[in-house]
Amino acid sequence: MTSIFDKKIDRRNTHSLKWDEMESRYGISSDDGLPMWVADMDFRPPQAVNDMVARAAEHGINGYYGNDVPYKEAIISWMKRRHQFDVSADWITTVPGVVAGYSMAIQAFSEEGDGVLVFSPVYHAFGRAVRDNNRRLVESQLIERDGAYYMDFDNLKDQIDERTKILLLCSPHNPGGRVWTSEELTRICEFCLENNILIISDEIHHDLILDGSKHVVTATLSEKIAERTITFTSASKTFNLAGFATAACLISNKELRDAYRKVCTACGVHSTPLGSQATTEAYNHGEEWLAELCDYVAANQELLIEGLEAAIPGAKVMRMASTYLEWVDFKDVDLPFDEIVNRIQKQAKIAVNIGSTFGKGGETFLRFNLACPKSTVEEAIKRLEDVFADLRMQANA
Ligand SMILES: Cc1ncc(COP(=O)(O)O)c(C=O)c1O
């Protein structure tokens, strides 16, 4: 069966980070390299978004943004129908990205030298936002069990101190794609309430559910938890709109909201007409597109699991329930890790993210972006078969 996502779109020379900086960052030319690193998709968004952009180009004036009513209504409706999360318009603060948003929250709600708790390995910008704000990164390493990550509740108390002020939660989790259950979320949030730790919940991947799991919005767990939770979300990951630099911060607690907005105002944060309208169009018209996308990524995952594990003896793909970022462990591959990376990046010319950049526990992993046409995944597998042929011969000898 064919899909709209099968189409190969040439993204070279479009100021695409993924394609146009592959050479400078990885030494891999975009002429024959396969970019499977940074988290954006090689797919066009829902048609309604591009129609809006065409209308805006036709009109041609790009001044400051005003009238956010349709934008807020679109967010409220999306959160309600997709996530059973009742959001009020005044809870929404628009920020230029989720990372920028939680970085400002770190500034608003902690002091230099305070601790910020994360579950590692985790999306690399978590560590950066903490360290570059001169806060301490407190890493609680996730436990891998039966091919999935779990929080280590037994060791949590020992890892924090009275200066640990914030939990920066990734839900669903990147990398690994765990969709946390409401029991797990309630347990970690109760722990935060007991220890006076503010919860910042990055839920940017919440729409990208591949296996029917139910994403639970942290702030819906209880009134008490909502009062101490700041939620970040965006249409950017769901609909491939990262270039519009638009994300939403949702805070029900007025005191926290006022304190947060003060930092945003101090930083001169403002919304953009294109970013806000792209979000509105995607939320209002993108549901069918999203369903097809999730099925497509799920099928790419099956391809990769089968193909990669057969191509590289010992490699183990962590099956993701969410995201499009496949986390692959090379710990049991009979080669030094540097040599594995060398073969994948330099010989097979596949640009992937290096696991150690995700913090503790990521050292033996690489992350593959599967938001690409199926033919790209097939080509990657073919190249991996070639460059690891000797290992398969050894294993079969
Ligand atoms: C968990 C998580 N949060 C945030 C981001 C980036 O968000 P933004 O581009 O809005 O800063 C990513 C991108 O991959 C991510 O995986």
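The values are calculated or read from the model by the stated rules, or taken from the named source; none is laboratory data. What you see is a predicted model; the values in this text were computed from it and never measured. Glycine gets a Cβ as well: all are built from the backbone with ideal geometry, and neighbour counts include every protein chain shown. We work out accessible area using only protein heavy atoms, side chains counted, and drop any ligands, DNA or RNA first. Shrake-Rupley method; radii C 1.70, N 1.55, O 1.52, S 1.80 Å.
Observations on the structure shown:
- Note on Leu256: accessible area is roughly 20 Å² with a 1.4 Å probe, heavy atoms of protein only.
- Taking N as its residue count, the alpha carbon Rg of the stretch 49-285 over 2.2 N^0.38 Å: 1.01
- In order along the stretch 161-175, the phi-based Karplus estimate (6.51 cos²θ - 1.76 cosθ + 1.60, θ = phi - 60°) of 3J(HN,Hα) comes to 9, 5, 9, 7, 10, 9, 9, 9, 9, 10, 9, x, 8, 10, x Hz; Gly and Pro are listed as x.
- Residue-by-residue Karplus 3J(HN,Hα) for the stretch 351-356, coefficients 6.51, -1.76, 1.60, Hz, glycine and proline x: 8, 10, 7, 8, x, 5
- Local electrostatic count, Glu255, Cβ distance below 12 Å [Lys/Arg +1, Asp/Glu -1]: +3
- Summed over the residues of the chain and divided among them, the accessible surface reaches 44 Å² per residue at a probe radius of 1.4 Å.
- The chain: DSSP helices with Cα axial extent of at least 27 Å and average Kyte-Doolittle hydropathy no lower than -1.0: 287-311
- Efficiency of FRET between Glu194 and Arg25 - r from beta-carbon atoms, R0 35 angstrom, step 0.05: 0.25
- Segments 280-287, 127-134 sorted - mean Cβ within 10 Å per residue, highest first: 280-287, 127-134
- A Cβ-based charge dipole, computed about the Cα centre of the chain with Lys and Arg at +1 and Asp and Glu at -1, lands at about 660 debye.
- Positive-end residue, the chain charge dipole about Cα centroid, Cβ charges, pick of Thr233, Met1, Ala321: Thr233
- Alpha-carbon centroid distance for the pair the stretch 177-238 / the stretch 250-309, whole angstrom: 15
- Judged by the mean number of other Cβ atoms found within 10 Å, the most tightly packed of the peptides 240-253, 264-277 leads the ranking 240-253, 264-277.
- Fraction of antiparallel bridges per DSSP, the chain only, in percent to nearest 5: 50
- Look at where the Cα atoms of the stretch 77-106 and of the stretch 147-168 average out, and the two centres are 24 Å apart.
- Three-way shape label, the stretch 86-207, alpha-carbon gyration tensor, a/c 1.5: rounded
- Placing unit charges on the Cβ atoms only, positive for Lys and Arg and negative for Asp and Glu, gives the stretch 350-397 a dipole magnitude near 180 debye about its Cα centre.
- A protection proxy built from the mean count of other Cβ atoms within 10 Å ranks the segments 114-123, 20-29, 182-191, most packed first, as 114-123, 182-191, 20-29.
- The stretch 159-273, relative contact order in percent, only Cα pairs under 8 angstrom and at least six apart counted: 21
- Once the convex hull of all Cα atoms in the chain is built, its volume per residue stands at 145 Å³.
- Charge tally in the Cβ shell below 9 Å around Val179, where Lys, Arg are +1 and Asp, Glu are -1, Val179 excluded: +1
- Unit charges at the beta carbon, dipole of the chain: most positive-side option, Leu142, Ala108, His270: His270
- With R₀ set to 51 Å, the beta-carbon distance separating Ser375 from Lys262 gives a calculated FRET efficiency near 0.55.
- Which of Met36, Ser120, His83, positive extreme of dipole for the chain (C-beta unit charges): His83
- Local electrostatic count at Val53 - Lys and Arg +1, Asp and Glu -1, tallied over other residues with Cβ under 12 Å: -1
- Cα shape, the stretch 276-397, gyration tensor, a/c 1.5 rule: prolate
- Sulfur and carbon atoms: percent of accessible area, the chain [1.4 Å]: 49
- Whole-number percent relative contact order across the chain, with pairs defined as alpha carbons under 8 Å at least 6 apart: 23
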